[in-house]
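Only one structure is covered here, and it is reproduced in the block below.
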Amino acid sequence: MVSPQHFFHPRDQLTLVILAGLGFLGIAFFVWQQYRENGHVIDLDEATRYDNNFVVNINAADWPEIANLPGVGPKLAQEIVRYRNENGPYQGVVDLMSVPGIGPKKLEQIQSMLAEIRPNIISPEVRKKTP
């Protein structure tokens, strides 16, 4: 009978310890094998590099997506969406400078990651507010 203070039966605890040990040994063997074959475990200089082609449509994106832009956190992203919802879709990226917290330097920093603004691609909330 299992006593109330044990979450697992002692036999089950031993099984879990053995399985965890085998997992650790498997990881240790993998690392040792990588080091033996390559002389190192991971070579970051030779790792495949991926270009970040992240593009945001400011007339369709929600604030979490906008917050991924460099220098734009959750608060500024929410302000961008709030401004868009209150004033209608942005007609150009320069319109972002009307949002408090975005100046020429910030706009220059994020401009390459903003999709071309096309009036027919706007969020449903904004579409309701535009004549």
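The values are calculated or read from the model by the stated rules, or taken from the named source; none is laboratory data. Source: prediction; values computed, not measured. Here the Cβ positions follow ideal geometry from the backbone for every residue, glycine too, while neighbour counts run over all protein chains shown.
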Quiz item: Is one or more of the residues making up the range 115-128 modelled with pLDDT of 85 or more, under 22 Å from the mean Cα position of the chain (by Cα) and part of a helix (DSSP H, G or I)?
Solution: no
Quiz item: So how many residues does the range 78-112 have that are part of a helix (DSSP H, G or I) and more than 12 Å from Asn59 (Cα to Cα)?
Solution: 15
Quiz item: Which pairs do you get when a residue that is assigned to a helix (DSSP H, G or I), found in the range 5-20, comes within reach of a residue that is aromatic (Phe, Trp, Tyr), reach meaning Cβ atoms under 8 angstrom, with the pair 6+ apart or on two chains?
Solution: Leu16/Phe8
Quiz item: What single numbered condition from (1) outside any loop (DSSP other than H, G, I, E, B); (2) of a type in the set (A, V, I, L, M, F, W, C); (3) surrounded by 14 or more Cβ atoms within 10 Å (Cβ to Cβ) fails to hold for Val72?
Solution: (1)
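Within the range 73-96, how many residues turn out to be among the aliphatic types (A, V, I, L, M) and modelled with pLDDT under 90?
The total comes to 2.
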Quiz item: List pairs: first in the range 60-87 and within 19 Å of Gln109 (Cβ to Cβ), second basic (Lys, Arg), Cβ under 6 Å, 6+ apart or cross-chain?
Solution: Gly71/Lys106
